[in-house]
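Read through the structure below, which is laid out as structure tokens, and then see the notes.
The values are calculated or read from the model by the stated rules, or taken from the named source; none is laboratory data. As the structure is a computational prediction, the values presented were derived from the model and not from experiment. Please note: Cβ atoms are built from the backbone with ideal geometry, for glycine as well, and neighbour counts cover all protein chains shown.
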Amino acid sequence: MDNRVDLESNDYDVEKIVNYDYRFEIGRKNAVLLHILGFVCSIAATVWIFYFGTGDPAQMKYFLGLPLWVSGAIIIYLGMFVIGMVYIMKWDEFSLKAKDHSKGGKQ
């Protein structure tokens, strides 16, 4: 029986891959971390919006020409973006090259 896996096909069992690239593990960890960051920032922005966005519009506070709930949510999302980009720029173990021989991963 032929145990080779056709990686061009979408119909294969991941457990049968023998030349596993270590970058899959690192990519999964980074993806989970960035999704958690996005989820936390979305919850923080939603709480901010409900806290400062309710009430009488005549009594609302303004920052940068926008209601405080809008400008605060924008600042929260910009903070999330900056944190994510700084984290991505520090990836030295996860090369974006097709084959990476520098870390000793099996190819």
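So here's what we get for this one:
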quantity	calculated
Filtered residues of the range 56-77 (kept if touching a strand residue (DSSP E or B) at 6+ places or on another chain (Cβ under 9 Å) and surrounded by 12 or more Cβ atoms within 10 Å (Cβ to Cβ))	Met60, Leu68, Val70, Ser71, Gly72, Ile74, Ile75
Restricting the range 51-84 to residues that are among the aliphatic types (A, V, I, L, M) and not in a helix (DSSP H, G or I), the residue that is farthest from Ile36 (Cα to Cα)	Met60
Yes/no for Gly53 being surrounded by 12 or more Cβ atoms within 10 Å (Cβ to Cβ) and within 17 Å of Tyr87 (Cα to Cα)	no
Those residues of the range 48-95 which are in contact with a helix residue (DSSP H, G or I) (Cβ under 7 Å, 6 or more places away or on another chain) and of a type in the set (D, E, K, R), in sequence order	Lys61, Glu93
Matching option when the condition is modelled with pLDDT of 85 or more and either within 20 Å of the chain's Cα centre (by Cα) or closer than 30 Å to Glu15 by Cβ (or both), among Ile49, Ile88, Ile83	Ile83
